[in-house]
Amino acid sequence: MLSLARGMLGRVDPDTAGLWPRASALLACRALETTMHRLWERRTLDLQGRSMRVQLICLRTYLGDADLAARAGHAWSALSRACHHHPYELAPTAAELRGWLSVVEELIQKAD
């Protein structure tokens, strides 16, 4: 999913302005959530049914890297917000998305 999200950043097209950033954010957000789900399964913790905010709070303890957990929380919040259309807000920029995708990639590597 993350590679698809990165691929969308390279396909910037005026005809899809506003769509590709949200699509990329959606894929990245889903990749982060899937990584969290797998982490809890491996640790045999029943957190999948809890809100993502609760899971991100727990991540600080179970990941072993409080800084990465905090950055993952910020990335998830930003990606989640970017997935929704807000009439008076611009879609995220490619640079913002690249930063959030880097955090998700780092989380995937650390969680595996």
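The values are calculated or read from the model by the stated rules, or taken from the named source; none is laboratory data. Since we're looking at a predicted model, the values are computed, not measured. Glycine also receives a Cβ, built like all others from the backbone with ideal geometry; neighbour counts cover every protein chain displayed.
Return only the number of the condition from (1) out of contact with any Phe, Trp or Tyr (no Cβ under 7 Å at 6 or more places or on another chain); (2) in a helix (DSSP H, G or I); (3) of a type in the set (A, V, I, L, M, F, W, C) that A91 does not satisfy.
Unmet condition: (2).
Please work out which one of (1) under 16 Å from the mean Cα position of the chain (by Cα); (2) farther than 15 Å from W100 by Cα is the condition M8 fails and give its number.
For M8, the exception is condition (2).
Report, by residue number, each residue of the range 57-105 that is in contact (Cβ under 8 Å) with a residue 60 or more places away in the chain and either under 15 Å from T35 (Cα atoms) or of a type in the set (V, I, T) (or both).
T93, W100, L101, V104, E105 - these are the residues of the range 57-105 that are in contact (Cβ under 8 Å) with a residue 60 or more places away in the chain and either under 15 Å from T35 (Cα atoms) or of a type in the set (V, I, T) (or both).
The conditions are (1) among the β-branched types (V, I, T); (2) modelled with pLDDT of 90 or more; (3) within 16 Å of L26 (Cα to Cα), and T61 fails exactly one of them. Which is it?
(3)
Hey, can you tell me all the residues within the range 1-18 that are surrounded by fewer than 18 Cβ atoms within 10 Å (Cβ to Cβ) and at pLDDT below 80?
Within the range 1-18, L9, G10, R11, V12, D13, P14, D15, T16, A17, G18 meet the criteria.
Taking the condition of being assigned to a loop (DSSP other than H, G, I, E, B) and not hydrophobic (A, V, I, L, M, F, W, C), how many residues in the range 66-88 meet it?
Residues that pass the stated criteria total 5.
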